[in-house]
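See structure below.
The values are calculated or read from the model by the stated rules, or taken from the named source; none is laboratory data. Just so we're clear, the structure is a prediction, and the values are computed from it rather than from any experiment. Virtual Cβ from ideal backbone geometry, glycine too; neighbours counted across all protein chains shown.
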Amino acid sequence: MSIDRRSILRAVAGSALVRPSTLTATTVAKLSLRPALGSYLPLQQITLGGADVGTVVVTDGAGRPYLETKARDPLVFTAAGALGTHIARVYDAQGATLGVASFKVDCSTELHEESGRFEKLLADVVWTMMDWNKEAPVNVIRYKDRVYQLFVNWIFDHTLTMKGMKYYWPNLKDAVDFFADTQREDGMIWENCYPSTPDANYFDWKFGYDGFVRRLEGGFRQLRRAPVESHVEQFFLEALYYTWKATADDEWMKSKLNCAIKALRYATRDPYRWSEKHQLMHRGTTIDTWDYVSDDQQKFGGSVFTVELGKSEFGIFFGDNTNLIAGCRRLAEMLNRAGRTQEAPEFLTLAATLEERLDKLAWNGNFYTHWIAENQDYRPDVGVDTSQQVALSNAWSLNRGIAHEKCVGIIRTYQRIRREMPSGSPGEFYGIFPPFQKNFTANEPGLVWEYVNGGVLSIVAGELAAGAFEHGFEEYGADILRRLGAIAERYRNYLPVALRGKAADTPKRSFRTLDMRNCANTDTGAGGTGVPGWTGDPGHDLVGIPPGTREYQGVPFEVIDRVANRQRACLGLSEAAGYVASASLPVNAKAAAVYLLHAAAGPEHTVGAFTLRYADGTSFSEYVENDRNVGSWWEPRDSQYSREGPRVNDRLRVAWRQAGNGMVETGVYAAGFNNPHPEREIAALEFFAGPGDSKWMVLAATLSDSPVFFAPYDDLSTGIPDGWSAAVAYAVLEGLAGVKDQDTGFSRTLLAPRWEAAGVLRAEVTVKYPASGGYCKYRYQSDPARNRTTLQFTGNGQEFELQILLPKERKVRMARLDGRAVVPVSETVERSVYAVFKVGSSGAHILELDLS
């Protein structure tokens, strides 16, 4: 007798009456689940016991049936469909319920693959996103009695971090809410918000014109917008769009659309943002999307962050515009979803118009030209052909919907840079290449091959890899990820976003050690009659430091023999009894730099002053301060394990250390002091003690004919939040693993596993939005010996598009979906061939491809 499906569906619809609070509940049959777990994973096999008659129907967390089969005991089935409480029901022939068992299905974003390389890289990037900020993984802002959570309190940085964190963190809406709630009346989006006091500060002084600063919370919070910055509204739109996709909350998205439209209208009308000449977005003279202007433009407003209408030079930066074009299209998509279909065409038309204008102006056939001055007579000396510079927003633009042919040109351009980049470079992923040699030095760090001016950036690598996977360069994308994995391993399983773009060259230099025996007054040991001991701490000293000429951190020092010099082994400066308050060491020579072998003791930050006394009677002085140019002899440490760079700026290094006889380590430092007047003869080095109980201990001094240089410990650079490495997370999950949301909450899912390009035969991938519970999970296996590829998959969505990257020179001989023969559509992207299938139902599916 056949079962009445309508009665079953009526029973399923009434499932809300069943309380799924326990693992199993029965009416007639005694049902059991094995293994007995609190929660099961999608695609996990579960054994249902006790169902020996009737029909078994299993529904997912959305109440949708994904299994209907004749009862048998035991019954093995695969968990699938939407997450949440799943219910297995047993019905008799008349549709009456014989038994019910409920169980929970849940998961989190995970990746497991046989090589372990990409699995480890993803784990390292997740750790970086979670740990980089001292307040990680979230900041908080209180405004009008609401506490908002943000990954970073800059909308720009938050958006870039969120694009990776959306797969790991449930609270995503707050940042968009905050910047929408505080939107300026004309539509401008504030860039950031920081704690402050009601007293006037730097930003009141520099950003106080034209309303680029505003106080909240009685003056204890300050909203800021760098006047030069023209990308903020676009990143607000991007944050809104990707938050909507992750939360699948249409009503929330609808509530933000008016803010989004106001922001876009501001960006296309305000004179600080919009070029009347080119009818495109413009900005001051910056490097790519950065917020500091060139040196020659800082004469207006006296700040790296400011521009002034009618005075500052403006130009078209392509990245602001590719982001705006993408924002217009995203806004149109959201308007259509919201039912505001009459408004959407305006923004689609604007996107097309902007794209046409930008391509005519800035596309050179291979990549977008960095920055094009509106004033054709403005041609500052920057030491490089700016028409040949490749700026990082080219990599961003790969994933902003530009044409495939342009993406191919950009990818090939980066491959060319890899062939041309300096030896020792960590990769072709430059902020700009080649870097500016001049006119961008006033901003910290102001160095060539560092930061955005020639630094190598993980965000560029992530965006480039993601674009490579999408546009037929899959092996290149996998290679990028492998190299990023090696970088993360070098940095102790952490992926810094900025590395030096060229290996530091050790300068040719000569040294001259100075004889300090006559001014030495303190022992490195316990001391003696008339000679104070090392820092005056009985039982703890530095007596073990070897005497004679010793090289520390690449610099030779002449260390005094304490025995031969009557226990006078160093110069001890302090206001404390027994030490000296000042001393002078004759030099009578020229030098570009002076290196000291020294250390400090005591609680004071400033331990002394160091003066270069020139033969002409002039002088130059510098305070000696802890953690700047001296360090504590107790537990000596320097920048070796710091996450901040750039290393080429280091002027303080641990020179020598010793175990402390069961105590902590002790030691001394090599420190460099640049001479601002190397053309002048130095008559003497003068030392002055600091206030209080501090002690400054100087063991040796050395002159150099070259500025201060310590060989970098590594290639770490500076200036960019490491949370931007989130781009690598989505390059792995969306690009290599190939799980991409085609709607919201994975209701429609693209599965394009590209493990073939990485040489990986087996992988298990789960990608989930914690904000909505939307997810997709698959198991991939390639068996070259049998010429077979298998993909088992499920998710909460009911529509899947499968794009299976085929091995080179292989074709699909036969394809089966859930045991039934299917015919793929073949799609070619460059030289890559994909077999494409459409699946229009939920539950667990298996695709099998036999290749020839």
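Answer yes or no: is there a residue in the stretch 820-835 that is among the acidic types (Asp, Glu), in contact (Cβ under 8 Å) with a residue 12 or more places away in the chain and closer than 18 Å to Gly745 by Cβ.
No, the stretch 820-835 contains no residue that is among the acidic types (Asp, Glu), in contact (Cβ under 8 Å) with a residue 12 or more places away in the chain and closer than 18 Å to Gly745 by Cβ.
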Exercise. Does Asp60 satisfy the criteria of being of a type in the set (Asp, Glu), surrounded by 20 or more Cβ atoms within 10 Å (Cβ to Cβ) and out of contact with any Leu (no Cβ under 7 Å at 6 or more places or on another chain)?
Worked result: yes
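Among the residues of the stretch 728-739, write down those that are in contact with a Phe, Trp or Tyr (Cβ under 9 Å, 6 or more places away or on another chain) and either at negative phi or among the acidic types (Asp, Glu) (or both).
Scanning the stretch 728-739 gives Ala729, Tyr730, Ala731, Val732, Leu733, Glu734, Gly735, Leu736, Ala737, Val739.
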For this session: Within the stretch 436-457, identify whether any single residue is modelled with pLDDT of 95 or more, part of a helix (DSSP H, G or I), surrounded by 24 or more Cβ atoms within 10 Å (Cβ to Cβ) and under 22 Å from the mean Cα position of the chain (by Cα), and answer yes or no.
Result: no
Seminar exercise, completed: The lone condition Ser294 fails out of (1) out of contact with any Pro (no Cβ under 8 Å at 6 or more places or on another chain); (2) farther than 30 Å from Leu172 by Cα is (1)
Problem set entry | Filtered residue count, the stretch 129-188, keeping only those that are in contact with a Pro (Cβ under 8 Å, 6 or more places away or on another chain) and assigned to a strand (DSSP E or B) | 0
For this session: Please go through the stretch 497-508 and pick out each residue that is at pLDDT 95 or above and either over 38 Å from the mean Cα position of the chain (by Cα) or β-branched (Val, Ile, Thr) (or both).
Result: Val497
For this session: Run Asp377 past the list (1) among the charged types (D, E, K, R); (2) outside any loop (DSSP other than H, G, I, E, B); (3) free of Cβ contacts under 8 Å to residues at least 12 places away in the same chain and report the number of the one that doesn't hold.
Result: (2)
For this session: Look at the stretch 514-540 and say how many of its residues are in contact (Cβ under 8 Å) with a residue 24 or more places away in the chain and either assigned to a loop (DSSP other than H, G, I, E, B) or outside the structural domain of Val587 (by TED's automatic domain parsing) (or both).
Result: 14
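Could you check the stretch 731-765 and list, in sequence order, the residues that are β-branched (Val, Ile, Thr) and in a strand (DSSP E or B)?
Once the filter is applied, which keeps residues that are β-branched (Val, Ile, Thr) and in a strand (DSSP E or B), the stretch 731-765 yields Val739, Thr749, Val765.
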For this session: Could you tell me whether Gly302 is among the small types (Gly, Ala, Ser), surrounded by fewer than 22 Cβ atoms within 10 Å (Cβ to Cβ), assigned to a helix (DSSP H, G or I) and over 24 Å from the mean Cα position of the chain (by Cα)?
Result: no
For this session: Tell me, yes or no, whether the stretch 490-500 has at least one residue that is assigned to a helix (DSSP H, G or I) and outside the structural domain of Ala569 (by TED's automatic domain parsing).
Result: yes
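Considering only residues that are among the aliphatic types (A, V, I, L, M) and free of Cβ contacts under 8 Å to residues at least 12 places away in the same chain, which ones fall in the stretch 773-819?
The answer is Ala785, and nothing else.
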For this session: Quickly run through the stretch 769-791 and pick out the residues that are buried (at least 20 other Cβ atoms within 10 Å of the Cβ), in a strand (DSSP E or B) and touching a Ser or Thr at 6+ places or on another chain (Cβ under 9 Å).
Result: Tyr775, Cys776, Lys777, Tyr778, Tyr780, Ser782, Thr789
Seminar exercise, completed: Counting only residues in the stretch 357-374 that are assigned to a loop (DSSP other than H, G, I, E, B) and touching a residue at least 24 places away in the same chain (Cβ under 8 Å), the one surrounded by the fewest Cβ atoms within 10 Å (Cβ to Cβ) is identified as Gly365
For this session: For residues that are within 35 Å of the chain's Cα centre (by Cα) and buried (at least 19 other Cβ atoms within 10 Å of the Cβ), scanning just the stretch 814-833, find the one that is nearest to Arg786 (Cα to Cα).
Result: Val833
Seminar exercise, completed: (1) surrounded by 16 or more Cβ atoms within 10 Å (Cβ to Cβ); (2) touching a strand residue (DSSP E or B) at 6+ places or on another chain (Cβ under 6 Å) all hold for Gly536 apart from (2)
Exercise. If the Cβ limit is 9 Å and pairs must be 6+ apart or interchain, which residue in the stretch 280-306 that is touching a residue at least 24 places away in the same chain (Cβ under 8 Å) and not assigned by TED's automatic domain parsing to the domain that holds Arg269 pairs with which residue that is surrounded by fewer than 22 Cβ atoms within 10 Å (Cβ to Cβ) and of a type in the set (Lys, Arg)?
Worked result: none
For this session: Could you please give the count of residues in the stretch 566-584 that are surrounded by fewer than 17 Cβ atoms within 10 Å (Cβ to Cβ) and under 14 Å from Gly608 (Cβ atoms)?
Result: 4
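Would you mind finding the one in Pro227, Pro198, Pro271 that is in contact with a Gly (Cβ under 9 Å, 6 or more places away or on another chain) and under 26 Å from Pro380 (Cβ atoms)?
Result: Pro227 is the single residue among Pro227, Pro198, Pro271 that is in contact with a Gly (Cβ under 9 Å, 6 or more places away or on another chain) and under 26 Å from Pro380 (Cβ atoms).
Every residue, every condition in (1) in contact with a helix residue (DSSP H, G or I) (Cβ under 7 Å, 6 or more places away or on another chain); (2) assigned to a helix (DSSP H, G or I), yes or no:
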position	(1), (2)
Ala263	yes, yes
Thr289	yes, no
Asp296	no, yes
Leu309	no, no
Ser312	yes, no
Arg330	yes, yes
Met334	yes, yes
For this session: Working carefully through the options Gly472, Gly409, find the one that is over 27 Å from Tyr292 (Cβ atoms), in a loop (DSSP other than H, G, I, E, B), touching a residue at least 24 places away in the same chain (Cβ under 8 Å) and over 21 Å from the mean Cα position of the chain (by Cα).
Result: Gly472
Problem set entry | Residue list for the stretch 643-668, restricted to those being out of contact with any His (no Cβ under 9 Å at 6 or more places or on another chain), free of Cβ contacts under 8 Å to residues at least 40 places away in the same chain and surrounded by fewer than 16 Cβ atoms within 10 Å (Cβ to Cβ) | Ala659, Gly662, Val664, Glu665
